[in-house]
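Participant: Provided herewith is a single structure, encoded as C-alpha cells, for subsequent inquiry.
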Amino acid sequence: MSHATRPAWFASWLIDGADSAADRAVSSPASIGVGADLIGFGGGQPASESYPLEPLERAFSRAILENGRAVLPYGSSQGLLALREVVAERLGRRGVNVGAESVVILTGSLQGLHLIGRITLDHGDTIVTEAPTFMGALSTWEHQRPRYLTIPVDEHGMLVEALDQHLRDSQARPKFVYLLPTFQNPSGVSLTLERRKRLLEIAQEHDLLIVEDDPYGEFWFDEGTEPIPPLRSLPGAEERVIYLGTFSKILAPGIRLAYAIAPPDMVQALMRAKRGVDFHTDTLLQQAVVHLVRDRDFDLESHIADGRGLYKRRRDAMLDALESTFSSDTRWTRPGGGFFLWIDLPRGISGEAVVSAAMAEGVAVFPGSIFYPNGDGGSNALRLSYSNATPDRIRQGIERLKRGVSAVAG
Ligand SMILES: Cc1ncc(COP(=O)(O)O)c(C=O)c1O
C-alpha cells in the first residue's frame with residue numbers, strides 16, 4: 001500500500017523513515033524488470049536461465065530422504081558444519097584461509113549486514129561507506145539511525161587516502177567501514193591491490209572494523225589476469241575484516257543462503273544476534289546445498305565458469321551498444337566483472353527524470369541518486385545491470401534508454 005492510500009492511524013504506528021526513495025525503487029516489480037515487454041536493467045538478478053533446476057531438485061530430494069530427520073528439527077545458529085566446511089574450502093581457493101569455526105551461515109548476506117549493525121551500532125553512530133554504495137545495505141541499519149561518512153569512488157575503487165584525511169581532520173570514530181572492493185555494486189569498479197593494502201594500514205592506524213561485502217567476486221571476465229584477492233585474504237585482515245559471501249549470485253537469490261567469516265568474538269556476537277532474528281538458517285536448504293556441491297553430475301565450479309562467460313558476453317553487448325548509441329558527453333564504467341555498470345549522463349540531465357522516461361519506453365534502470373547515503377550525489381547518473389537480459393534485449397534496451405534520455409534532454 002502506498003503512503004498516499006495508507007490510513008493515518010496506521011501511518012502513526014510506523015517509525016520515521018519507513019518510506020524511502022531507495023526502497024520504492026527496489027521494491028517496485030516494474031523497476032526490477034517484471035512486466036510486459038519491459039527490459040530489466042534495474043535489479044541485480046542473476047540470469048534466470050542459469051538456475052540449476054535439476055541439480056537443485058536432486059539435492060533437495062536427497063536432503064529430505066537421506067537427512068530429513070537430522071535437519072528438520074531446530075538446528076545450530078552457526079549453521080551446518082558440513083556447509084561451513086564447504087564454504088571454508090571454497091574460500092581457501094581464493095586465499096581466504098579459515099576453518100569452519102570462523103564461518104556463520106546466514107539467511108542472505110543482507111541478514112549479515114543487519115546482524116553486524118545489531119552488534120556494533122548504537123543510535124546515531126557513524127558508518128563509512130563508498131559513494132556510491134549498495135543502497136540495500138542502508139535499510140539493514142535504518143533502525144539505528146546511523147550517520148554516514150561517505151568516501152568517493154573512482155575507477156580504482158574507494159579513495160582510501162581521502163578516508164585517512166577525513167579521520168584525521170574530523171576525529172570521527174566510525175563503527176565500521178562498509179565496502180564492496182570487487183566489482184562494486186553499483187559502479188562495477190574494483191579496489192586495486194595497492195589500495196586494499198593501504199586501507200588495511202589505515203584501519204590499523206585508526207582501529208577500524210571493515211565489512212567486506214563480496215557477492216560478485218567470482219564473476220571476473222579477464223581469464224588472462226589473476227583476479228584481485230579479497231581484502232580478507234591479505235595479511236592483517238584476520239582481526240579487522242568481516243567478510244560476507246553469498247550463494248545468491250552463483251546459485252539463485254531466492255534460496256536465501258549466505259555466510260560471514262569473522263574473528264572469534266564476532267562469531268559469538270553474530271550468533272547471539274542471529275538467535276534473536278531467526279534462530280538459524282533453514283537447515284534443509286543448507287543440507288541441500290551440501291548435496292549439490294557433492295553431486296557428481298553437477299560441477300559448481302564449471303557452473304560458475306559458465307556464468308563468467310555469460311555475464312562477460314552481456315557486459316560486452318552493453319558496452320558495444322552504449323558505444324554505438326551515445327555520444328562522448330555520456331560516460332560509463334567498463335567493469336572487469338560482476339553485474340553492473342554506471343552511467344554519467346551529460347550535465348544537467350536528471351537521472352530520475354530519465355528513469356521515468358525510460359520506463360515509458362519499456363526499459364527499467366535505477367537512478368544514481370539512490371546509491372548516495374546522504375542524498376548528495378548521482379543526480380545525473382544511472383545504474384544499469386546487464387546480468388539478466390540477452391545480448392539482443394540489451395541492444396534493444398539501450399536504444400530505448402537513448403530515446404528516454406532524448407525525451408528528457410528535449
Ligand atoms: C552488494 C550486495 N550485497 C548484498 C546483496 C544481497 O545479497 P543476498 O541475496 O545474499 O542477501 C546484494 C544483492 O544484490 C548486493 O549487490
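Participant: Which whole-number percent gives the relative contact order of the chain, counting Cα pairs below 8 Å spaced six or more residues apart? Working shown, then result.
Facilitator: Values: 762 pairs, mean separation 96.9, N = 410.
Once normalised by length, the contact order is 24 percent.
Participant: How much net charge surrounds residue 362 when only other residues with a Cβ under 11 Å from its Cβ are counted (Lys, Arg +1; Asp, Glu -1)? Kindly include the intermediate steps, with their values, before the conclusion.
Facilitator: Working: positive: 393, 400, 403; negative: 37, 361, 399.
Counting the neighbours of residue 362, the net charge comes to 0.
Participant: Considering only the other residues whose Cβ falls under 11 Å of the Cβ of residue 180, what net charge follows from Lys and Arg at +1 and Asp and Glu at -1? Don't jump to the answer; show the numbers that get you there.
Facilitator: Numbers: positive: none; negative: 130, 212, 213, 214.
Result for the local shell: -4.
Participant: Give the range of the longest stretch in the chain that excludes all chymotrypsin sites (Phe, Trp or Tyr not before Pro) found in loop regions by DSSP and having at most 15 other beta-carbon atoms within 10 Å. Each step should come with its number before you reach the end.
Facilitator: Numbers: sites that count: 13, 74, 279.
In short, 75-278.
Participant: Top mean-square fluctuation among 378, 108, 276, Gaussian network model of the chain, C-alpha springs under 10 Å?
Facilitator: For the chain, modelled as a Gaussian network with Cα springs under 10 Å, the answer is 276.
Participant: Then there's this: To the nearest Å, what is the center-to-center distance of region 54-83 and region 179-216, using C-alpha atoms only?
Facilitator: 34 Å
Participant: Here's something else I'd like to know. Could you tell me the relative contact order of region 76-279? Use alpha-carbon pairs under 8 Å, at least six residues apart, and round to a whole percent.
Facilitator: Working: 343 pairs, mean separation 52.3, N = 204.
Relative contact order for region 76-279 comes out at 26 percent.
Participant: For the chain, which span is the longest to avoid every loop-located (per DSSP) member of trypsin sites (Lys or Arg not before Pro) having at most 15 other Cβ atoms inside 10 Å? Could you put the intermediate results ahead of the total?
Facilitator: Numbers: sites that count: 93, 296, 347.
By the stated rule (loop sites, at most 15 other Cβ atoms within 10 Å), 94-295.
Participant: Can you sort 376, 23 so the residue with the fewest Cβ neighbours within 10 Å comes first?
Facilitator: Details: 376 11, 23 17.
Sorted ascending by nearby Cβ count, the order is 376, 23.
Participant: Decide, for region 201-271, between rounded, prolate and oblate: order the square roots of the alpha carbon gyration tensor eigenvalues as a ≥ b ≥ c, take rounded if a/c falls under 1.5, and otherwise choose prolate if a/b is larger than b/c, else oblate.
Facilitator: Details: a/c = 3.02, a/b = 1.23, b/c = 2.45.
Oblate, since a/c reaches 1.5 and b/c is not below a/b.
Participant: Classify region 279-385 from the C-alpha gyration tensor, please: rounded if a/c falls under 1.5, else prolate or oblate depending on whether a/b exceeds b/c. Walk me through the numbers before you get to the answer.
Facilitator: On the way: a/c = 3.11, a/b = 1.84, b/c = 1.69.
Note, shape of region 279-385 comes out prolate.
Participant: Another one. Rounded, prolate or oblate for the chain? Axes are the square roots of the Cα gyration tensor eigenvalues, ordered a ≥ b ≥ c, and the cut-off for rounded is a/c under 1.5.
Facilitator: Values: a/c = 1.39, a/b = 1.20, b/c = 1.15.
Here the chain falls in the rounded category.
Participant: Return the percentage of antiparallel bridges among DSSP beta bridges fully within region 99-166, rounded to the nearest 5 %. Let's see the in-between values first.
Facilitator: Details: 2 of 8 bridges.
In region 99-166, approximately 25 percent of DSSP beta bridges are antiparallel ones.
Participant: Moving on to the next point. For region 291-387, what's the relative contact order in percent, using C-alpha pairs closer than 8 Å and at least 6 residues apart?
Facilitator: Numbers: 120 pairs, mean separation 24.8, N = 97.
Once normalised by length, the contact order is 26 percent.
Participant: Let me ask something else. Working out 0.36 nm times the residue gap between residue 306 and residue 328, then minus their Cα-Cα distance, what length gain in nm do you get to one decimal?
Facilitator: On the way: separation 22, 0.36 × 22 = 7.92 nm, distance 3.32 nm.
Answer, rounded to one decimal: 4.6 nm.
Participant: Express as a percent, rounded to the nearest 5, the fraction of DSSP beta bridges in the chain (both residues included) that run antiparallel. Please list the in-between numbers first.
Facilitator: Working: 20 of 39 bridges.
Around 50 percent of the beta bridges assigned by DSSP in the chain are antiparallel ones.
Every read-out reported here was derived from the displayed coordinates using simple, explicitly stated rules and does not represent laboratory data. Predicted model, so just to flag it, every value in this text is computed and none were measured. Quick reminder, even Gly has a Cβ in these numbers, built from the backbone with ideal geometry, and neighbours come from all protein chains shown.
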